[in-house]
1. With a 10 Å radius around each residue's Cβ, average the other Cβ atoms per peptide and rank 692-702, 600-610, highest first.
2. Can you sort 515, 41 from fewest to most other Cβ atoms within 10 Å of each residue's own Cβ?
3. Relative to the longest principal Cα axis of the chain, at what angle does helix 461-486 sit, 0 to 90 degrees, rounded to 10?
4. Between residue 14 and residue 424, what is the label-to-label distance in nm when each label sits 7 Å out along the Cα-to-Cβ direction?
5. Between 0 and 90 degrees, rounded to the nearest ten: what's the tilt of helix 327-337 against the longest Cα principal axis of the chain?
6. Averaging sequence separations of C-alpha pairs under 8 Å and six or more residues apart, then dividing by the length of region 575-723, give the relative contact order as a whole percent.
7. Using a ≥ b ≥ c from the Cα gyration tensor of region 575-723 (square roots of the eigenvalues), is it rounded, prolate or oblate, where a/c under 1.5 gives rounded and otherwise the larger of a/b and b/c decides, a/b for prolate?
8. Go ahead and run the numbers for FRET between residue 640 and residue 672, Cβ-Cβ distance against an R0 of 35 Å, rounding to 0.05.
């Protein structure tokens, strides 16, 4: 039996870092070949993310930041998509880098982006464990565990969860190291990671986790955070923190303000869409039931079985919980050590899991603004699995770098418990290939571990650590192979539809313009099912071919959850005769009435002939005039007078129009009109839209309380509508600033590593 000792038997070595790099490269070969050679792509939310990425890719290559979406319904802002994904600075850096190197395959660029997320997650765990343990072997163990986990093999199916968590280890790494050293590079890493997490799906998950982690840290390390610690922070660092957080959070704050300003329907993924309906008074009923999908981690379906063995029954998605057979023994070593850092991480696990399970008192957080919109509380369990990997790596470090006889006993008996559990599972679980394979693999690997631990002594610990790392790699590879064979969905879906294939070699990134909108969904045109991702939201199909979708997009769960839909669009669509206006892009009204509110919509709703008669007589309605003296204005709207008036359908064509340039955020027109009037462009009005006529700025009118227009006199004009607001400005400035800081921090980090080539940088 080993005796207690204070020595460190593992010789300092950077070899594990090389092994970690080799594992990432090997996985990268598989990942890229799966997508490029075997033509597999992401499904579900991953497919949504891909086509959004392609829209951003084409926009940046056109030379614009696409904050407006003119392809769905009658145009709408992309605020929600910017907040969830498209504003992510890492994705934009990936796009810019791909463009510099002439990459025309958008799917390749997307794979590269996802591989960056994988690398960030795995290396972040490596660096975090290295910081906590000062052991490259322990760090490699944590990194290899994360690379072999369910989160990674699920990534080919959907990358949403990886988007949520990839920056968390780096946030913790930067924060801990900065408090130790107050070096700027660590502060830079912390800020970069924190800001990246803000624009990586729903930031409220990360903020809640960081709050609970910080609370645990304050409980166990309250003496480490004296009030006077702030005095040790250099003033220039404080200025940098304030500046960075303002620049980084400003776009998100503006997006939230815009998205929840009352002009939009709430996303359908957060509410019961069946109860969301337009009322007779043209208001929306959104006072609906709101049910959270919560689950306490330790009671999740098959969680305790699939977590360590990979064995499960029920839906294949349960496999995402998998961590590996070597986690449990080293997790026990860590938990039984009862150190302060173990207590801190364990409390965080408990608190986060309680939030996932909607358990008092932690669920009080759900009463806070924005956090109350969280529907999938079960997502918080993703952070629990990350912390379990960290704990297992700490147990690995305790066993090999601080050995004692009791820890050898803990490994042996916990291993025996695992083998006993596997035998029990084999008796009670349904017999499935993946469960049988998982139970068998876990039993064999655990038996090998017990034998090795029992046999090896301290003098041979370096060899034992290497063998354990090798076994960890083998177990990860084996389960990846088994789960993908048993459930091919984890390889992604076939990438055969011609429209998707076009994204593999897109040279032309221009948007396709037509004078009339289609009256059917592109989903039926593209026909990507069953060879493509059939779960793709209907609106997202417009991003595939950069062509316009129908103005009649259904108000359904997937549809309404895709974008923040403007209420005015839905109201106008409900009016009798609205198709006459929505189908066509441009009208010139030589007679216009004024109405400073939307109350006349009730008249249009109640009197089916009213809107039809307005259009037959070439009459428009605007909220406010640009120039009240314009000859087209005919006073206040009087619906009864219009209905009783004589039909006067003008026969002469008064408008000739060509579109000279069409982008997401702008459109340029050349037109000739034989009469003065109001030009209507049936793209949705927003206060971010501006207009120029022959190079001179003019006001953008709100026509029919929904669309945009400009005043014209008789003659020929060059007209430009362009979108620009504070959100767009802040996003452009934020991404540019982030890119500069990213380059600076990476250079400093790499330089520091090279400078300390002889030993690990542990400040």
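Rule-based calculations on the coordinates, nothing more; no lab input. What you are looking at is a predicted structure, and each value in this text was computed from that prediction instead of being measured. A quick note on method: Cβ atoms are made from the backbone with ideal geometry, for glycine too, and the neighbour counts reach across all protein chains shown.
1. Ranking the peptides 692-702, 600-610 by packing returns 600-610, 692-702.
2. 515, 41
3. 40
4. Label at residue 14, label at residue 424, 4.7 nm between them.
5. 70
6. Numbers: 300 pairs, mean separation 40.4, N = 149.
It rounds to 27 percent for region 575-723.
7. Working: a/c = 1.69, a/b = 1.49, b/c = 1.14.
The shape class here is prolate.
8. Once the sixth-power term is evaluated, E becomes 0.45.
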